[in-house]
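Only one structure is covered here, and it is reproduced in the block below.
The values are calculated or read from the model by the stated rules, or taken from the named source; none is laboratory data. Because the structure is a prediction, the values reported are computed rather than measured. As a convention, Cβ positions derive from the backbone with ideal geometry for all residues, glycine included, and neighbour counts pool all protein chains shown. Accessible surface areas use protein heavy atoms only, side chains included; no ligands, DNA or RNA. Shrake-Rupley method; radii C 1.70, N 1.55, O 1.52, S 1.80 Å.
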Amino acid sequence: MSGPVEPKDAACQDEVLAGIEVREGREAAVGGMRIARVLPTKGRRTVGAWCFTDLILPADAVDPDPMEVGPHPHIGLATVTWLLDGEAVHSDSLGTEQAIRPGQLSLMTAGHGIAHAELGAPAPLRGVQLWIAQPDATRHGAAAFEHHAELPRVDLDNAEATVLIGALGDAMSPARADTPLVGAEVTLRAGTTRVPTRCAFEYAVVPLDGTIKVGDHIVEHGWLALVPPDAASIPIDATADGARCMVLGGAPLGTPVLMWWNFVGRDRDEITAAWQSWRNHDDDRFGPVRSQLGRIDAPAPPWHRTG
Ligand code: MN
């Protein structure tokens, strides 16, 4: 398929920075890990096509549980795994078995259906897991997996960015993007960095290390800053060298998505059909995954009546 349609940039202005909002994430436990879910958040389900962001928090136990997420299905989304510390192995129903290390991008596209498992090495793990909602053009299509061990970097005025997806400055990621979007890890030096934007994009800034300031707002670890479209740039302040954040952006999706469990769709019937396929071990849709971990059963959708 050809590349995503690029949105036309409107006139950029700095006044929109007054519209920046910050939100606190919610802590939870997922697959043996402590996480902070910063997206979706209250009143906001997507930023561009980014529809889910979990920060994997440092394990606080003396004997931490490793990341153990057994085989489970996805539809209608791409998953991004981005580690800061530790190592994990991804295996999926395409037959992929891929070690994931810090600074490397694993991008799994579910389309009509995929199943996968993730097993962390017995070492402290930190990172971020993100989902990207697929557009109608690809969300019923084939599943795929990409791993990028090398990603382009770009010097910003007071920072260096690694571009996971999309383009930032003159660096462009080789990773697949089904909608116009950007995802970058930005390592800040003390002072202010102005992250370049596309005017038509809305953005989120997620601190990874240290506390930062986005516009006039202090954004603590486990929180999220939302930047409205039409910003000429995003001013990010760090008080010390080495603060890190993730910058996520994209053209507003323009269509509401329905997310339930591990599925992203548009309506309940689609989600129910995927749930039934997983429950019925439908190998045509969600093939087997080679993993030592147990298969994860889906709860029934809340709208589904049995009996
Ligand atoms: Mn998953």
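Within the stretch 107-119, the set of residues being open to solvent by less than 10 Å² (accessible area, probe 1.4 Å), part of a strand (DSSP E or B) and not hydrophobic (A, V, I, L, M, F, W, C) comprises Thr109, His116. Counting the residues of the stretch 106-122 that are more than 23 Å from Ala177 (Cβ to Cβ), among the hydrophobic types (A, V, I, L, M, F, W, C) and more than 9 Å from the ligand (Cβ to nearest atom) gives 2. Candidates Thr53, Thr41, Thr79: the one that is of a type in the set (Ser, Thr, Tyr), closer than 27 Å to Leu151 by Cα, away from the ligand (no atom under 11 Å from the Cβ) and under 17 Å from the mean Cα position of the chain (by Cα) is Thr53.
Cβ separations smaller than 9 Å between residues 6+ apart or across chains give the following pairs from the stretch 87-105 residues that are within 26 Å of Thr187 (Cβ to Cβ) to residues that are aromatic (Phe, Trp, Tyr) and crowded, with 18+ Cβ neighbours inside 10 Å: His90/Phe145; Gln98/Phe145; Ile100/Trp82; Pro102/Trp82; Gly103/Trp82; Gln104/Trp82; Leu105/Trp82. The lone criterion from (1) away from the ligand (no atom under 12 Å from the Cβ); (2) surrounded by fewer than 19 Cβ atoms within 10 Å (Cβ to Cβ) left unmet by Gly70 is number (1). Per this entry, Leu253 is not counted among residues that are open to solvent by 20 Å² or more (accessible area, probe 1.4 Å), in contact with a Lys or Arg (Cβ under 7 Å, 6 or more places away or on another chain) and hydrophobic (A, V, I, L, M, F, W, C). Taken together, the criteria exclude Glu146 from residues that are open to solvent by less than 20 Å² (accessible area, probe 1.4 Å) and charged (D, E, K, R).
From the list Arg101, Arg126, the lone residue that is within 21 Å of Ile165 (Cα to Cα) and modelled with pLDDT under 95 is Arg126.
Residue-level check: of (1) closer than 24 Å to Val195 by Cα; (2) of a type outside the set (A, V, I, L, M); (3) more than 16 Å from the ligand (Cβ to nearest atom); (4) under 18 Å from the mean Cα position of the chain (by Cα), Arg153 misses just (4).
Considering only the stretch 86-103, state which residues are open to solvent by 60 Å² or more (accessible area, probe 1.4 Å) and part of a strand (DSSP E or B). Selection gives Glu97 alone.
Has the stretch 123-145 got any residue that is away from the ligand (no atom under 16 Å from the Cβ) and touching a His at 6+ places or on another chain (Cβ under 6 Å)? Yes.
Residues that are within 16 Å of the ligand (Cβ to nearest atom) number at least 1 in the following strands (runs of 3 or more DSSP E) confined to the stretch 195-280: 258-260, 263-265. Is one or more of the residues making up the stretch 175-182 among the aliphatic types (A, V, I, L, M) and farther than 26 Å from Gln134 by Cβ? No, the conditions are met nowhere in the stretch 175-182.
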